[in-house]
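The values are calculated or read from the model by the stated rules, or taken from the named source; none is laboratory data. Values in this document were obtained by computation on a predicted structure and should not be read as measured data. Quick reminder, even Gly has a Cβ in these numbers, built from the backbone with ideal geometry, and neighbours come from all protein chains shown.
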Amino acid sequence: MKCKIHFYLLNQHFSEEHAEANHNGEESEMNRKYEWEDELLINDVQDVTEQEKAIYQLQGSFPDGEPFALDVKNMRLFEVLTDNGPVSVGCSESIMDSCELLEDKDGFAVKIFIKDYEPMSNPVPGVFIAAQEFPKELIPK
C-alpha cells in the first residue's frame, strides 16, 4: 500500500464569506485558502498510527562532524510503518490547526493543516517544528 502525506499552510487572510459570495464557495486567485501545499508519497506501507504530544528525535551532525540526537517535544506525529522500517512525519502541536488520517483500499492519506502565522522550520522532509520549540543547540549564535 501507499501513504500520501499532504501538508497545507493555511492562509489566515482567506475569506470564506468572499468565496461564498463570489466564487460558489471556492477559493480564487486573490483569495487563496492555502499559502502552499506540500506532498510526500511513501510506498510499501503496512500501517499508519497517529501520536499526540509525542517526542520526535532530530538527528544529524554539527558542522564539526560531531553527531547529535535532540528530542523535540509536543509533536503530532504519524508513524508510517513500511517494509523497510518506520518513518515519522508531522508537526509541532502549537502550529497545527487540524489533521486527518484516512484509509481506503489503496492505502492511507494524512492531511496536516498548519497555521500560517507561526514561525517554523522544516529540517527534514515531512517534519515541521515551531520556531519556539526548535532545539536551541542547533541555532547559530
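Applying the set (1) at pLDDT 95 or above; (2) of a type in the set (Ser, Thr, Tyr); (3) not in a helix (DSSP H, G or I) to Ser94 leaves exactly one unmet item: (3). Within the range 112-141, the residues that satisfy the criterion of being farther than 20 Å from Gln57 by Cα and either crowded, with 16+ Cβ neighbours inside 10 Å or touching a Lys or Arg at 6+ places or on another chain (Cβ under 9 Å) (or both) are Phe113, Ile114, Lys115, Asp116, Glu118. Restricting attention to the range 89-110, the residues that are within 22 Å of Tyr56 (Cβ to Cβ) and touching a Cys at 6+ places or on another chain (Cβ under 6 Å) total 1.
For Gln51, the conditions (1) buried (at least 18 other Cβ atoms within 10 Å of the Cβ); (2) free of Cβ contacts under 8 Å to residues at least 60 places away in the same chain; (3) under 23 Å from Met1 (Cβ atoms) are fulfilled apart from (1).
So, Glu66, is that one without any contact (Cβ under 8 Å) to a residue 24 or more places away in the chain and either crowded, with 17+ Cβ neighbours inside 10 Å or of a type outside the set (Ser, Thr, Tyr) (or both) or not?
Yes, satisfied.
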